[in-house]
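See structure below.
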Amino acid sequence: MTNIPYARQNINDDDISSVIEALRSDFLTQGPLVSKFEEDISRYCGVKHTVASNSATSALHIACMALEINSKSLVWTSPISYVASSNCALYCGASVDFVDIDPKTNNISVKALEEKLIIAKKNNQLPDVLIPVHLSGYPCEMDLIFELSKKYGFLIIEDASHAIGSKYLGENIGSCKFSDITILSFHPVKIITTGEGGAATTNDKNLAKKMISFRSHGILPGVSEEKVVKDHEIWNYQQLYLGFNYRMTDIQAALGISQLKRLDNFVKKRNILAVNYYELLSDLPVLTPARNETIYSAFHLYIIRLKRNLIKKNQKEIYEEMKFLGINLNLHYIPIYLQPFYSNLGFKRGHCPEAEKYFIEALSFPMYFDLSFEDQKKIVTNFKKVIKL
Ligand SMILES: *Cc1c(COP(=O)(O)O)cnc(C)c1O
């Protein structure tokens, strides 16, 4: 009996050839293939600039730096996300806070956001940046969030680590129609992979330029007139900021270029799998993910919520019994502020009640390109058995 993982990459012969070709080329680290991958992402998303990096976490960090987040800044995000969505603000010395979720979508609640903004305005504690997260690939209500950003004067970084290939109001996620910067992840469990890798997209040339420099030690190629030490012009580089080594390699970009060609197929298959799950789960005591005509989700995850009053077992028991049967479920995520590190910053239980309710109800079902309908039937049959007693 083979185990069913909750997520898995799809690598084909074209991917392998593409990487081998990169290995035989002159460049191993950042070179022409990184530029080509960036151009391909820009074209796909319908955005002007893409800055690739060695992870989405580093892309989030340089995005915060480009928006000038510092120790005086306040950043708000969703409690139901991977810790990286919030850690990036802490790297810059900023304070963070969390906006409760909408139980229908499990994304940041626009109502909760507006209420929190009204109070924050009174207290003169408005956020500088909001990081909405498109959980599972289901886009946040970006048009409404964008309106609030204009009214209350904050900037927006979309954490679209789950959402390359998703569409909102006909716009591709990554287009930055409703944000300053959008972050993508190419970790192997995500929609497309480069092994490790991420990218930041933006329509703002200046932000792109800053992120390019932060990705590589704060150095910009070429010389700017006023700052260069005259005698050193010949060496043709200068450090203007304090940056990092967050570069993607050409080997990774080769894989990304090849994977991107299959992105639409990947997402199409994930949507077919989602439809299968909606049908297979329709009579069970679970809430299935939100659906809406204005939205096309990349379905990075298929998250159900247990109707706890109708099921005797808790998440942990269900998880363990399913694992024993060779089926790996998962939880995305523990509310960030309940993590020990965040408790130590002073966050308390009860801060975001909807997020905490989600935390004891949510389970991610297996979702990946190579999952078969047979697998899905087996998953749901076993799930039925497990929750019955
Ligand atoms: C995976 C993920 C990240 C971090 O991505 P890496 O590429 O692994 O650094 C950030 N935010 C969310 C929501 C994620 O799921």
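Taken together, the values in this text are just the output of simple stated rules run on the coordinates, not laboratory data. Owing to the predicted nature of the structure, the values given are computational and were not obtained by experimental measurement. In this analysis, Cβ positions are derived from the backbone assuming ideal geometry, glycine residues included, and neighbour counts consider all displayed protein chains.
For this structure, a couple of remarks:
- Modelled spin labels at LYS209 and ILE16, positioned 7 Å past Cα toward Cβ, are 4.5 nm from each other.
- Length available on full extension from ASN124 to LYS36: 0.36 nm per residue minus the Cα-Cα distance, which gives 27.2 nm.
- Averaged over residues, the count of other Cβ atoms within 10 Å places the peptides 175-187, 350-362 in the sequence 175-187, 350-362, highest first.
- Between LEU144 and ASP370, the modelled label-to-label distance comes to 4.0 nm, taking each label 7 Å out from Cα in the direction of the beta carbon.
- Cα centroid separation - the stretch 48-109 against the stretch 357-389, whole Å: 30 Å
- Springs between Cα atoms under 10 Å define the GNM used for the chain, and in it the highest mean-square fluctuation of TYR237, TYR152, TYR138 occurs at TYR237.
- Choice from GLU374, GLU158, GLU39 showing the highest fluctuation, given a GNM over the chain with Cα pairs closer than 10 Å: GLU374
- Between the beta carbons of TYR237 and THR2, assuming R0 = 35 Å, the FRET efficiency works out to 0.10 to the nearest 0.05.
- Mean residue ellipticity (222 nm) of the chain, computed from DSSP H runs ≥ 4 via -39,500 (n - 2.57), nearest 500: -11500 deg cm²/dmol
- Cα gyration tensor, the stretch 1-129 - rounded (a/c under 1.5), prolate or oblate: prolate
- Relative to the longest principal axis of the Cα atoms of the chain, the long axis of helix 373-388 makes an angle of roughly 60 degrees.
- Label sites at ASP26 and GLU114, each approximated as a point 7 angstrom past Cα along Cα to Cβ, lie 5.7 nm apart.
- One Cα centroid belongs to the stretch 1-39, the other to the stretch 155-208; the line between them spans 19 Å.
- Based on every Cα atom in the chain, Rg and the maximum pairwise Cα distance Dmax equal 21.7, 79 Å.
- Gain in span if fully extended, SER95 to ASN70, counting 0.36 nm per residue against the direct Cα distance: 8.1 nm
- Full extension of the chain segment joining LYS48 with LYS312 gains 89.9 nm, where the gain is 0.36 nm per residue of separation less the Cα-Cα distance.
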